[in-house]
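Chemist: Can you keep this structure in mind? I'll have questions shortly.
Readers should treat all values here as calculations from the given coordinates under stated rules, not as data from a laboratory. Just so we're clear, the structure is a prediction, and the values are computed from it rather than from any experiment. With ideal geometry, Cβ positions are generated from the backbone for all residues, glycine too; neighbour counts draw on all protein chains shown.
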Amino acid sequence: MEICLRLAVSLFNLITVVALVELDGKIQPTDALTGDSVSVQASLLKCTLQGTARLPAFSMDGDFIIGGAFFIHYQMHTVVNNYITKPEHPRCTGSFNARDLRFSRTMIFAIEEINNSTKLLPGIKLGYQIYDTCSAVPVAVHVAFQLSNGQDPMFYKGSNCSQTGVVIAVVGDSGSTLSISMARIIGSFNIPLVSHFATCACLSDKHEYPTFFRTIPSDHYQAAALAKLVKHFGWTWIGAVHSDSDYGNYGMATFLETARREGICVEYVESFDWTHPESKIQRVANVIRRSTATVVVAFAAPGDMKILLEELAWQPVPSRQWIGSEAWITDPNLMSFSFCTGAIGVAIQRSVIPGLRDFLLDLSVSEVAASTVLTEFWENAFNCSLTKTSKLNKRACDGTEDIKTLKSPYTETSQLRVSNMVYKAVYAIAHAIHNVVCQETNATIQCDKYTRLEPKQVLSELKKVSFSQNGYHISFDSNGDPIAFYELVNWQKSKIGVIEPVTVGYYDASQPMGKQFLINRNLTWLEDSTQIPVSICSESCPPGTRKVLQKGKPICCYDCIPCPEGEITNMTDAPDCFLCPREFWPNAEKDACFPKPMEFLSFDDVLSIILTTFSVSGACLAIITAVIFFCHRRTPIVRANNSELSFLLLFSLTLCFLCSLTFIGVPSKWSCMLRHTAFGITFVLCISCVLGKTLVVLMAFKATLPGSNTMKWFGPPQQRMTVVSVTFIQVIICTVWLVLSPPFPMKNLTTYKEKIILECALGSAVGFWAVLGYIGLLAVFCFVLAVLARKLPDNFNEAKLITFSMLIFCAVWITFIPAYVSSPGKFTVAVEIFAILASSFGLILCIFAPKCFIILFQPKKNTKKYLMNKK
């Protein structure tokens, strides 16, 4: 469309042989291609209009003429040209638009009000030429050329230039597409165009449209307001329809971009126009019916919206929440569609224009009959005929028709919105003219109506106008746009069941972010519900889950996946889960991190109580055995078994039983060092005593041989030295371990993910295994010696008892190693305690139980004779 308009303008310029230029205050004919003056006598030249001039719908002469463009009809009459007769200019037909008739009459009212003013343009009479563009680009283009040329059939003759009918500014049009067409044409002649209803954001481009102004906000702000409105109510899954025009296409493109930034997804985007075939409109209606989106944003012209709603009115009527642009949300012609109850949208601020209603209703039959447009309106409104050429089925108007009782968009002045934009546009032009032709001296205003006023002068002054009228401020920014302010309008049913637009809030673009949007009244939603409808593709993901996009669908369509182990989300619709800190673990819902429970072998644990009981019992058993031995220290069985080593062995066993208690409780620096070293030293002391006893047995039998003096080399002093030397080696190993890399308490975070194991780190694994290895080496050596002495002849051969005890000891510690390595958490400590207790009980029971039994229950065997009796 834009290319076609450019071609039309270029063609118009090329075929015009003679153009008017201003040279030294005179008008000279020039060649349109070269710009050179045509050297002919001025008296012989004249410029005439080619074709028939288009008659305005309303006109009045004046000192300065303001043009107007409104689509009072909805359709253009099309004629197929046969290239035989001269084509007639396009004309308007079809449905009558009473709303735009009100707009055009508002322009007339404003001009008459200015003409009667003593402060604005006193002594100056403004005229007007108002045309019907019938919502068609060809007609709008023709009107633009007509306004640029004027009405005179001969507009240049001799050295004089007639100014009759030449406009210095234009108000209109009611649509963006038509305004674009007109702005490109009249802009070439520096004629400003001030629109009251063209909202396309594209018109803010001063490079493309340098002479365009408007009193209605740009769609850039409207799109932002609609997107914030959708976001405010939590709708993330919507449908979108728009007029297939500059208004709808540019507006919807801006809205979609803003909605994308707000995180709103669009299920479908459909364009349509009332000129499209019925099948196209049906297809759009079916898309709306089949969609899953409850909310539909419609960026459409009133005529287009009417066609779509009529199609949707057929069954089944979809239950949809409509979000409307300012073009149709306040149009009374559309409020008859009851299924749209609850529609909400942005609208031009409601206003009051004193005296306008009386002016609109002040129509006499004679005045109506003098205007073809008013005649058509009157006949359609009252279904009667004022002329003989009207349809035969209409009755003649008898003069009883009262326009004050008429219910029509023309008479609807309770919510003046766009009409006020027309009113402000006229006043903006009047103030621009005033600034050029009037001067204020001594508190009086003098205006020169004979001033040669050029459109470019008005254009220059329009950029600077700033005034207030009826309490509303009027000014333009660098793009020719006003400050954006919208009312939020909601379709609500009145007490009598009629849908009415109710103001429920505001959107003020001049306010800082976060304060631009305000709702101060309850809303009605679809089907008269008071609950906000839900329109989402997927339910919100609760905390503890994350969003995973569904393949091939918009970002608003997703699945909710539980967070993996160890991760949480603490907000709704989280895109990702995040790990808890190392010492924390998620709760069952995975929406919060809590400190991991500390696990260690505590004294109040059942397992600890059992092990402590056995440990204390073992220590008591060793003490009791020592007491028995002490009380019977003079008896042969005690003396024969080396009582000194026996008492030292019982003492070391008592320490072995008690050292297991150091493994229970919260690990600390000192307990970690004590538990392993005490265990290592006491067990070596114990085994060294057993080793000494085994050597005593072997040496004792060797000493019975004739001439043997073996016992001289293994008497009590040697036995003590053996025990001390063997134990001292373990003390050195433990000392080196503690000095170089001692055990220390640590938090084990790797064995279990969901809890912390408090344990003692070995520090040096070599030191730990050196301690165990030394114990094992002594135990094996002791076991071998005991095996060698087990068959020595004696009624009570202690070597047999030592053999069994060391066999148990070695078995326990051999099985301890894999169990220790594989046991998790606190059970590692429990296994180590069990090994200590088992080996200790094995030693005390195997070595001392038989002797205690003889001492207590078989005293007859506790004699020297019995012990010396050989088998």
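Chemist: Order these by the 10 Å Cβ neighbour count, fewest first: SER668, SER366. Intermediate values should be presented prior to the final figure.
Modeler: On the way: SER668 13, SER366 7.
Ranked by crowding around the Cβ, least crowded first: SER366, SER668.
Chemist: Within the range 247-278, list the residues whose amide N lies under 18 Å from a label point set 7 Å along Cα→Cβ of SER540.
Modeler: Inside the label zone: 262-265.
Chemist: From the mean inverse distance of alpha carbon pairs (Kirkwood) and the Cα radius of gyration, derive Rg over Rh for the range 545-595. Write out the running numbers ahead of the final one.
Modeler: Numbers: Rg = 12.2 Å, Rh = 11.5 Å.
Looking at the range 545-595, the ratio lands at 1.06.
Chemist: So, one more: Report the extension gain between THR444 and ASN522 in nm, rounded to one decimal, defined as 0.36 nm multiplied by the number of residues separating them, less their alpha carbon distance.
Modeler: Gain in length upon complete extension: 22.9 nm.
Chemist: Same structure, new question: Measure off 7 Å from each Cα along the Cα-to-Cβ vector at ILE483 and VAL787, then give the distance between these two points in nanometres to one decimal.
Modeler: Placing both labels 7 Å along Cα→Cβ, they lie 10.6 nm apart.
Chemist: Would you give the gap between the C-alpha center of the range 551-603 and the C-alpha center of the range 271-304, rounded to a whole Å?
Modeler: Between the Cα centre of the range 551-603 and that of the range 271-304, the gap is 45 Å.
Chemist: Here's a follow-up. With each run of n ≥ 4 DSSP H residues scored as -39500 (n - 2.57), what mean residue ellipticity at 222 nm is computed for the chain after dividing by its residue count and rounding to the nearest 500 deg cm²/dmol?
Modeler: Details: 23 runs with 359 residues, N = 871.
Helix contribution divided over all residues of the chain: -13500 deg cm²/dmol.
Chemist: Let me ask something else about it. Kirkwood Rh, the range 606-868, all Cα pairs: how many Å? Present the calculation step by step, with values, prior to reporting the outcome.
Modeler: Numbers: mean 1/r = 0.0514 Å⁻¹.
Computed over the range 606-868, the radius equals 19.5 Å.
Chemist: For the range 635-674, take N as its residue count and report Rg(C-alpha) divided by 2.2 N^0.38 Å. Walk me through the numbers before you get to the answer.
Modeler: Details: Rg = 15.8 Å, N = 40, 2.2 N^0.38 = 8.9 Å.
For the range 635-674, the normalised Cα radius of gyration comes out at 1.77.
Chemist: Kindly put TRP670, TRP237 in sequence by how many other C-beta atoms sit within 10 Å of each C-beta, fewest to most.
Modeler: TRP670, TRP237
Chemist: For the chain, what is the charge dipole size about the Cα centre, in debye to the nearest 20, if Lys and Arg each add +1 at the Cβ and Asp and Glu each add -1 at the Cβ? Display every interim value, and only then the final one.
Modeler: On the way: 74 positive and 68 negative charges, 1491 e Å.
Once rounded to the nearest 20, the dipole reads 7160 debye.
Chemist: Rank these for me by crowding, TYR74, TYR268, going from fewest to most other beta carbons within 10 Å. Walk me through the intermediate numbers first.
Modeler: Working: TYR74 19, TYR268 15.
Placing the least packed residue first, the sequence is TYR268, TYR74.
Chemist: Can you list the residues, at least 5 places off or on another chain, whose amide H is less than 5 Å from the amide H of ILE65, using H built in the peptide plane?
Modeler: Those qualifying (amide H under 5 Å, at least 5 residues apart or on another chain) are GLY127, ILE168.
Chemist: In whole Å, largest first, what are the principal axis extents of the Cα atoms in the range 61-157?
Modeler: Cα extents, longest axis first: 55, 41, 15 Å.
Chemist: While we're on this one: Apply the Karplus curve 6.51 cos²θ - 1.76 cosθ + 1.60, θ = phi - 60°, to the phi angles in the range 850-862 and return the couplings in whole Hz, x for Gly and Pro.
Modeler: Values, residue by residue: x, 5, 5, 4, 5, 4, 8, 10, 10, x, 5, 7, 8 Hz.
Chemist: May I pose another question? May I ask you to derive the FRET efficiency for GLN315 and ASP358 from their Cβ-Cβ distance with R0 = 51 Å, giving the value to the nearest 0.05? Don't skip to the end; give the middle numbers.
Modeler: On the way: r = 45 Å, r/R0 = 0.88.
According to the calculation, E is roughly 0.70.
Chemist: How long is the gain from VAL616 to ASN190 if the chain were fully straight, where each residue apart is worth 0.36 nm and the alpha carbon distance is subtracted?
Modeler: 142.3 nm
Chemist: Give me the net charge of PRO217's neighbourhood, meaning all other residues with Cβ under 15 Å from the Cβ of PRO217; Lys, Arg count +1, Asp, Glu -1.
Modeler: Values: positive: ARG214, LYS228, ARG350, ARG417, LYS424; negative: ASP219, GLU326, ASP477, ASP481, GLU487, ASP508.
For residues surrounding PRO217, the net value is -1.
Chemist: Using a Förster radius of 45 Å, what is the FRET efficiency between ARG639 and VAL736 based on their Cβ-Cβ separation? Nearest 0.05, please. Mind dumping the intermediate values first?
Modeler: Details: r = 40 Å, r/R0 = 0.88.
It comes out at approximately 0.70.
Chemist: Scan around ILE445 for amide H atoms under 5 Å from its own, H built in the peptide plane at 1.01 Å from N, and keep only partners 5 or more places away or cross-chain.
Modeler: none
Chemist: Among DSSP bridges having both ends in the chain, what percentage is antiparallel? Round to the nearest 5.
Modeler: Values: 60 of 98 bridges.
Beta bridges within the chain, antiparallel portion: roughly 60 percent.
Chemist: Taking mean projected area of the Cα convex hull in nm² as the quantity of interest, determine which of (1) 56.7; (2) 66.1; (3) 52.5 was computed from the displayed structure.
Modeler: Among (1) 56.7; (2) 66.1; (3) 52.5, the one calculated here is (2).
Chemist: A follow-up question, please. What is the gain in length, in nm to one decimal, between THR572 and LEU856 on full extension, counting 0.36 nm per residue of separation less the C-alpha to C-alpha distance?
Modeler: Working: separation 284, 0.36 × 284 = 102.24 nm, distance 7.77 nm.
Contour length minus Cα-Cα distance gives 94.5 nm.
Chemist: For a quick check: with amide H placed at 1.01 Å from N, whose amide H comes under 5 Å from SER195's, ignoring anything fewer than 5 positions away on the same chain?
Modeler: Here the answer is GLY172, PHE213, ARG214, THR215, since their amide H atoms fall under 5 Å of that of SER195.
Chemist: Let a ≥ b ≥ c be the square roots of the eigenvalues of the Cα gyration tensor of the range 188-269; is it rounded (a/c under 1.5), or, if not, prolate (a/b larger than b/c) or oblate? Write down the numbers at each step before the final one.
Modeler: On the way: a/c = 2.99, a/b = 2.42, b/c = 1.24.
Verdict is prolate for the range 188-269.
Chemist: Taking a threshold of 20 Å on the Cα-Cα distance, which of the pairs LYS800/LYS851; LYS206/LYS456; LYS280/LYS553; LYS800/LYS861; LYS231/LYS551 fall above it?
Modeler: On the way: LYS800/LYS851 13 Å; LYS206/LYS456 15 Å; LYS280/LYS553 25 Å; LYS800/LYS861 18 Å; LYS231/LYS551 24 Å.
Long pairs (Cα-Cα over 20 Å): LYS280/LYS553; LYS231/LYS551.
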